[in-house]
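For reference, the structure is listed below as structure tokens.
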Amino acid sequence: MTTDTLRDLHGVPVLDCADDGPALRDDADALDVIGDALGRGAELVVLPAGRLDDAFFQLRSGVAGEIVQKFVNYRLRLAVVGDISAHLAASSALRDFVTESNRGRQLWFLPSRADLEERLGPAGPR
């Protein structure tokens, strides 16, 4: 298993979570990541979409709300990185949630880490 790494992206301390780390199924799992991020001084957590349980993408389950709220409570930004197109195709509510999230600064859904680097760059909203 690869380890999560702290790195600097355009002046932002980022905890880049490994693709093959443990799944986040609920807010308790989120707290493990949050504790690691806070302990390392991260301001933003990059989480591969594949590490999120499928229930996260079914908004009526409440899992997305629980996990995202934990990150908000601890003032950590979250970027979910990876292909979520199958989930988006299955839910107009999720599409709306992703669109609105991407307009803000707290939660982003991005196709790749390269997209995150671009978003954090000088031309992005930071």
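Quick notes
- Any hit, the stretch 53-60, residues being at pLDDT 95 or above and in contact with a Phe, Trp or Tyr (Cβ under 9 Å, 6 or more places away or on another chain): yes
- Of all residues in the stretch 30-65, those being surrounded by fewer than 15 Cβ atoms within 10 Å (Cβ to Cβ) and among the polar types (S, T, N, Q) number 1.
- Residue, nearest to H10 (Cα to Cα), within the stretch 111-122, restricted to residues that are free of Cβ contacts under 8 Å to residues at least 60 places away in the same chain and exposed (fewer than 12 other Cβ atoms within 10 Å of the Cβ): A114
- Search result, residues across the stretch 66-97 that are open to solvent by 80 Å² or more (accessible area, probe 1.4 Å) and on the phi > 0 side of the Ramachandran plot: R75
- D8 being of a type in the set (D, E, K, R) and surrounded by 12 or more Cβ atoms within 10 Å (Cβ to Cβ): no
- Just so you know, in the stretch 98-110 the residues that are part of a helix (DSSP H, G or I) and among the polar types (S, T, N, Q) include one that is surrounded by the fewest Cβ atoms within 10 Å (Cβ to Cβ), and it is T99.
The values are calculated or read from the model by the stated rules, or taken from the named source; none is laboratory data. Being a predicted model, the structure only gives us computed values, none of them experimental. Heads up, the Cβs are rebuilt from the backbone with ideal geometry, glycines too, and the neighbour counts pull from every protein chain shown. Accessible surface areas use protein heavy atoms only, side chains included; no ligands, DNA or RNA. Shrake-Rupley method; radii C 1.70, N 1.55, O 1.52, S 1.80 Å.
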